[in-house]
Structure formats: structure tokens, C-alpha cells
Amino acid sequence: MDIAEYAGRRARLAKLLAGHTADAFLISALPNVRYLTGFTGSNAMLLVSSRAAVLVTDPRYELQASRQTD
């Protein structure tokens, strides 16, 4: 799957936020992080807002995260 597909998934999630009172959505379940980013490491969280998405992981996965995600 290419990076554009993951970006589209995150964009749809961010659009759903507009209909709610939440400013951001924190995803901590790894299957959901992978679905939205393509990241396959064993430790990560994803924060999605209407303006940005931020993948947070520990230093062991720095190189992997930069290769697998945008």
C-alpha cells in the first residue's frame, strides 16, 4: 500500500473530528496505528487533528518510522 492511501485514511478521520467537539484523536491500539500510517513497529501512538497527524514512538523505531510513514 502506498503512503497516499494512509494519508487519505487520516484525512477522513480528521474530517470526522470537525463534526465533534474534540480537537484531536489519540490512537493507541497498534492495529489502528498501522491502518492509519503503515507503521509496523510494536510501540507507537498516533495523534490526529484537523491540521496534522503525529506518530509517536520510542527511539528504537526512529529509522523504521521514517521509512514506513510520511
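Brief remarks on what is shown
- Spin-label pair LEU30-MET45: with each label point 7 Å from Cα along the Cα-Cβ axis, the two points sit 1.6 nm from one another.
- Normalised by the number of residues in the chain, the mean separation of alpha-carbon contacts (under 8 Å, six or more apart) gives a relative contact order of 32 percent.
- Ratio of Rg to Rh over the chain (Cα coordinates, Kirkwood Rh, two decimals): 0.96
- The residues of the stretch 9-49 present an accessible area of 61 Å² per residue when probed at 1.4 Å with all protein chains retained.
- Gained length - ALA52 relative to LYS15, 0.36 nm times residue gap less alpha-carbon distance: 12.2 nm
The values are calculated or read from the model by the stated rules, or taken from the named source; none is laboratory data. Source: prediction; values computed, not measured. So basically every Cβ, Gly included, is an ideal-geometry build from the backbone, and we count neighbours across all protein chains shown. Heavy atoms of the whole protein, side chains included, go into the accessibility calculation; ligands, DNA and RNA do not. Shrake-Rupley method; radii C 1.70, N 1.55, O 1.52, S 1.80 Å.
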